[in-house]
1. If you work out volume of the Cα convex hull per residue in Å³ from the coordinates, which of (i) 122; (ii) 86; (iii) 158 do you get?
2. For the stretch 31-75, which whole percent of the accessible surface, found with a 1.4 angstrom probe, sits on carbon and sulfur atoms?
3. What residues of the stretch 37-68 lie in the reach of a label at residue 8, counting those whose backbone N is under 20 Å from a point 7 Å from the Cα along Cα→Cβ?
4. Check residue 61: other-chain or 5+ apart residues with amide H under 5 Å from its amide H, H built from backbone geometry?
5. Before anything else, pin down the relative contact order of the chain: Cα pairs under 8 Å, at least 6 apart, normalised by residue count, whole percent.
6. What accessible area per residue comes out for the chain, rounded to a whole number of Å², with a 1.4 Å probe?
7. Checking the a/c ratio against 1.5 first, then a/b against b/c, what shape does the Cα gyration tensor give for the stretch 1-48?
8. For the peptides 16-28, 66-78, what is the packing order when you average, over each peptide's residues, the other Cβ atoms within 10 Å and list the highest mean first?
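The values are calculated or read from the model by the stated rules, or taken from the named source; none is laboratory data. Being a predicted model, the structure only gives us computed values, none of them experimental. All Cβ positions, even for glycine, are placed from backbone atoms using ideal geometry, and neighbour counts span all protein chains on display. Accessible surface is based on the protein model in full, side chains and every heavy atom, while ligands, DNA and RNA are left aside. Shrake-Rupley method; radii C 1.70, N 1.55, O 1.52, S 1.80 Å.
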Amino acid sequence: MNPIQRLEELPEEILQTFHPDFIFLIESDKIQHFPARNMSHNQKIQEIKKRLDHSLMVTHWKDHEIIYSPELNVFALLPKE
């Protein structure tokens, strides 16, 4: 799944929910979020690595950090601070 393409397809109502107190896991058919309040950036990355358990790449979209692997059908979004 191409993360940028998937994000571009999301409705504005969903884009407005992106908040830095949460980490978002985005799949082709659903979006999940979990709390990341008071976590450092390194702690957030470690949590994503545990959940995705794969070799990961990083890109950016509208100042948000996207962590993904081309082989996975899910990616993580860290909203901008």
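1. Recomputing volume of the Cα convex hull per residue in Å³ here picks out (ii).
2. On the way: 1380 of 3070 Å².
Within the stretch 31-75, the accessible surface is 45 percent carbon and sulfur.
3. Only 58-68 fall inside the zone, counting backbone N under 20 Å.
4. 66
5. Numbers: 109 pairs, mean separation 28.6, N = 81.
In percent, rounded to a whole number, it is 35.
6. Values: 5170 Å² over 81 residues.
Solvent-accessible surface per residue comes out at 64 Å².
7. On the way: a/c = 2.43, a/b = 1.67, b/c = 1.46.
Note, shape of the stretch 1-48 comes out prolate.
8. Working: 16-28: 14.9, 66-78: 18.4.
Going from most to least packed, we get 66-78, 16-28.
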